[in-house]
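**Student:** Quick one: this structure, given as structure tokens, is what I'll be asking you about.
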Amino acid sequence: MAEFAMSDLMFREGLMKGQRILITGGGTGLGKVMAEACLMLGAEVYICGRRGGVVEDTAKELMDAHGAAGGKCVGVACDIRVPEAIHDMLDQVWAGGALTGLVNNAAGNFISRTEDLSPRGFDAIANIVFRGSFFVTLDAGKRWLAEGKHASVVSILTTWVWHGGPFTVPSAMSKAGLNVMTQSLAVEWGNRGVRFNAIAPGPFPTEGAWARLNPGGSTRPEAHDPTIPLGRNGDMRELANLAVYLLHPLSAYVNGQTIAIDGGSHLQGGGGYSRLSSWGDAEWEQARNAIKSANEKDRAQRTV
Ligand code: HXC
Ligand code: NAP
């Protein structure tokens, strides 16, 4: 379901008119709400994912709810692990003009004891988050530089980039790599108009993340979470407003920053999933089976 009304956003109608934005993994979760906010403000938004039906359904749902704002939302089936597929997708997008913004949001993740990971298990995450996000950035970046176009790249990281992520090591390593990409390219490409920032969200419960990080747990808000200074999970509106700000040209002097939106939880002693240190074999087997079912369900819907 589309989530927002104009009163959920801190911006004026039409703010994002003329902006053309690609959000990887925009068919679900955080990507979907960022797409919705940009669309409501008049942008042309492209969303991609491996499940063609999911991105198409999301694009239709968002257009039905917000198409009247003058923007556009288009779903494209693309696996960002495949550089040629990224190139084809960007050819399709660029046919209507250069992108003005890219959100590196697509990700894969699951909790696991690191000693239980196989090389394929590591690659399953690193090939999406680390390599895939870089390949999308590189292909779009070459086009921006060749055409002398300005653009804003926003990568969705986690606060683990600052303090590590026990039991989510391939994700934490990959996100840390993107954090360094953000800082490096902010300098290397900043003087040619392509700027880089990142958002490090705390917990924003989504079906995709919770099935793999909190298997069996509910995505409903908990009454009070003592591990977060503000005592609660993130609200999708808060994330969407921050993303719009970073994508809009009026934030142009912000470059090379990673902004946490986590209610201050990483400052309170963010140990990621360190609480799972108390789990034994039985708990890990149960979690792995639950994650496996979620992966199988999603895989059956993939079209690329
Ligand atoms: C150990 C596991 C495992 C588990 C899978 N593997 N689950 N290893 N513990 N629980 C291993 C498999 O055994 C296999 O290795 C390898 O990983 C590949 O598994 P597949 O299921 O074939 O992978 P694939 O179909 O490519 O799926 C990729 C995926 C999946 C990453 C595993 O979860 C996915 O598609 N996720 C996309 C959505 C997602 O993850 N969203 C959450 C993002 S949230 P072997 O050697 O056995 O063949 C996030 C941060 C949230 O990133 C932060 C919250 C605070
Ligand atoms: P999600 O709904 O599972 O979103 C992940 C998206 O990535 C899915 O739409 C998935 O679609 C897409 N994707 C995965 N592999 C892909 C590939 N190879 N090519 C193209 N698309 C791919 O999870 P989420 O919670 O919204 O997470 C979104 C982002 O926020 C991620 O970067 C995550 O690390 C970050 N984050 C989330 C939280 C949180 O609390 N939710 C906290 C911190 C950071 P397909 O399966 O169809 O490909």
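The values are calculated or read from the model by the stated rules, or taken from the named source; none is laboratory data. Computed from a prediction, not measured in an experiment: that's the story for all the values here. Cβ coordinates were reconstructed from backbone atoms using ideal geometry, including for glycine residues, and neighbour counts include every protein chain displayed.
**Student:** If a residue has to be in a strand (DSSP E or B) and β-branched (Val, Ile, Thr) to count, how many in the stretch 65-87 make the cut?
**Tutor:** We begin by selecting, within the stretch 65-87, every residue in a strand (DSSP E or B); these are 72-77.
Next cut, β-branched (Val, Ile, Thr) only: 74, 76.
The qualifying residues number 2.
**Student:** Identify, please: which residue in the stretch 166-181 is more than 10 Å from ligand 2 (Cβ to nearest atom) and touching a Ser or Thr at 6+ places or on another chain (Cβ under 6 Å) and is, among those, farthest from residue 267 (Cα to Cα)?
**Tutor:** Taking the stretch 166-181 as the starting set, the residues that turn out to be more than 10 Å from ligand 2 (Cβ to nearest atom) are 166-167, 169-170, 172-173, 176-177, 179-181.
From the residues that got through so far, the ones that are touching a Ser or Thr at 6+ places or on another chain (Cβ under 6 Å) too are 166, 169, 179.
Numbers: 166: 17, 169: 20, 179: 18 Å.
Result: 169.
**Student:** Looking for something of a type in the set (Phe, Trp, Tyr), surrounded by fewer than 20 Cβ atoms within 10 Å (Cβ to Cβ) and over 18 Å from the mean Cα position of the chain (by Cα) - is there at least one such residue anywhere in the stretch 183-197? Spell out how you get there, then give the answer.
**Tutor:** Just the residues of the stretch 183-197 that are of a type in the set (Phe, Trp, Tyr), to begin with: 189, 196.
Filter again for surrounded by fewer than 20 Cβ atoms within 10 Å (Cβ to Cβ), leaving 189.
Now restrict to residues that are over 18 Å from the mean Cα position of the chain (by Cα): 189.
Looking for residues that are of a type in the set (Phe, Trp, Tyr), surrounded by fewer than 20 Cβ atoms within 10 Å (Cβ to Cβ) and over 18 Å from the mean Cα position of the chain (by Cα), one finds at least one in the stretch 183-197, hence yes.
**Student:** Name the pairs: first residue in the stretch 130-157 and under 27 Å from residue 260 (Cα atoms), second residue aromatic (Phe, Trp, Tyr) and not in a helix (DSSP H, G or I), Cβ to Cβ under 7 Å, at least 6 apart or on different chains?
**Tutor:** That search, which allows pairs on different chains as well, returns 141/189; 153/196.
**Student:** Residue check: is residue 106 assigned to a helix (DSSP H, G or I) and either more than 24 Å from residue 215 (Cα to Cα) or not polar (S, T, N, Q) (or both)? Please lay out each step first, then the result.
**Tutor:** Working: assigned to a helix (DSSP H, G or I): no; either more than 24 Å from residue 215 (Cα to Cα) or not polar (S, T, N, Q) (or both): yes.
Answer is no for this residue.
**Student:** Before we move on, is residue 230 among the aliphatic types (A, V, I, L, M) and in contact with a Phe, Trp or Tyr (Cβ under 9 Å, 6 or more places away or on another chain)?
**Tutor:** Working: among the aliphatic types (A, V, I, L, M): yes; in contact with a Phe, Trp or Tyr (Cβ under 9 Å, 6 or more places away or on another chain): no.
No; evaluated as a whole, the condition is false for this residue.
**Student:** Under the condition of being at pLDDT 95 or above and of a type in the set (S, T, N, Q), which residue from the stretch 257-285 is farthest from ligand 1 (Cβ to nearest atom)?
**Tutor:** 257
**Student:** Here's a follow-up. Taking the options 99, 90, 62, 39, name whichever one is more than 8 Å from ligand 2 (Cβ to nearest atom), in contact (Cβ under 8 Å) with a residue 24 or more places away in the chain, assigned to a loop (DSSP other than H, G, I, E, B) and not aromatic (Phe, Trp, Tyr). Walk me through it before giving the result.
**Tutor:** Numbers: 90 fails: assigned to a loop (DSSP other than H, G, I, E, B); 62 fails: assigned to a loop (DSSP other than H, G, I, E, B); 39 fails: assigned to a loop (DSSP other than H, G, I, E, B).
Sole residue among the options that is more than 8 Å from ligand 2 (Cβ to nearest atom), in contact (Cβ under 8 Å) with a residue 24 or more places away in the chain, assigned to a loop (DSSP other than H, G, I, E, B) and not aromatic (Phe, Trp, Tyr): 99.
**Student:** Please pick out the residue among 152, 184, 133 that is of a type outside the set (Asp, Glu) and near ligand 2 (Cβ under 9 Å from one of its atoms).
**Tutor:** Values: 152 fails: near ligand 2 (Cβ under 9 Å from one of its atoms); 184 fails: near ligand 2 (Cβ under 9 Å from one of its atoms).
Within the list 152, 184, 133, the selection yields 133.
**Student:** So, in the stretch 232-256, of the ones that are among the small types (Gly, Ala, Ser), more than 16 Å from ligand 1 (Cβ to nearest atom) and not in a helix (DSSP H, G or I), which residue ends up farthest from the chain's Cα centre (by Cα)?
**Tutor:** 252
**Student:** Which residues, counting only those in the stretch 1-59, are of a type in the set (Phe, Trp, Tyr), in contact with a Lys or Arg (Cβ under 9 Å, 6 or more places away or on another chain) and surrounded by fewer than 24 Cβ atoms within 10 Å (Cβ to Cβ)?
**Tutor:** Initially, the stretch 1-59 is screened for residues of a type in the set (Phe, Trp, Tyr), giving 4, 11, 46.
Going one step further and asking which of them are in contact with a Lys or Arg (Cβ under 9 Å, 6 or more places away or on another chain), we end up with 4, 46.
Selection gives 4 alone.
**Student:** Of all residues being within 7 Å of ligand 1 (Cβ to nearest atom) and more than 18 Å from residue 77 (Cβ to Cβ) in the stretch 92-110, which is surrounded by the most Cβ atoms within 10 Å (Cβ to Cβ)? Just the residue, please. Walk me through it before giving the result.
**Tutor:** The initial filter retains those residues of the stretch 92-110 that are within 7 Å of ligand 1 (Cβ to nearest atom), namely 107-110.
Now narrow it down to the ones that are more than 18 Å from residue 77 (Cβ to Cβ): 109-110.
Values: 109: 22, 110: 24.
For the stretch 92-110, the residue satisfying everything is 110.
**Student:** Within the stretch 257-270, track down each residue that is crowded, with 16+ Cβ neighbours inside 10 Å and among the small types (Gly, Ala, Ser).
**Tutor:** Those that are crowded, with 16+ Cβ neighbours inside 10 Å and among the small types (Gly, Ala, Ser): 260, 263, 265, 270.
**Student:** Give me the pairs: first residue in the stretch 186-207 and in contact (Cβ under 8 Å) with a residue 24 or more places away in the chain, second residue in a loop (DSSP other than H, G, I, E, B) and within 6 Å of ligand 2 (Cβ to nearest atom), beta-carbon distance under 8 Å, and six or more apart or on different chains, which are they?
**Tutor:** 200/158; 201/158; 206/28; 207/28
**Student:** Of the residues that sit in the stretch 18-36 and are small (Gly, Ala, Ser) and assigned to a loop (DSSP other than H, G, I, E, B), which one is farthest from residue 247 (Cα to Cα)?
**Tutor:** Within the stretch 18-36, the first condition is being small (Gly, Ala, Ser), and the residues that meet it are 18, 25-27, 29, 31, 35.
Now restrict to residues that are assigned to a loop (DSSP other than H, G, I, E, B): 18, 25-27.
Working: 18: 12, 25: 17, 26: 15, 27: 19 Å.
By that ranking, first place goes to 27.
**Student:** Specify the residue that is farthest from ligand 1 (Cβ to nearest atom); the eligible residues are those in the stretch 201-231 that are more than 25 Å from residue 298 (Cα to Cα) and aliphatic (A, V, I, L, M). If you could, list the steps in order and put the result at the bottom.
**Tutor:** Within the stretch 201-231, the subset more than 25 Å from residue 298 (Cα to Cα) is 222-231.
Restricting the remaining residues to those that are aliphatic (A, V, I, L, M) gives 223, 228, 230.
On the way: 223: 19, 228: 11, 230: 15 Å.
Filtering first and then ranking leaves 223.
This table checks each residue for (1) in a loop (DSSP other than H, G, I, E, B); (2) farther than 17 Å from residue 106 by Cβ.
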position	(1), (2)
178	no, no
187	no, yes
191	no, yes
195	no, yes
208	no, no
215	yes, yes
225	yes, yes
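**Student:** Then there is this: How about the stretch 42-59: which of its residues are under 17 Å from the mean Cα position of the chain (by Cα) and in a helix (DSSP H, G or I)? If you could, list the steps in order and put the result at the bottom.
**Tutor:** Taking the stretch 42-59 and keeping what is under 17 Å from the mean Cα position of the chain (by Cα), we get 45-51, 54-55, 58-59.
Correct list: 54, 55, 58, 59.
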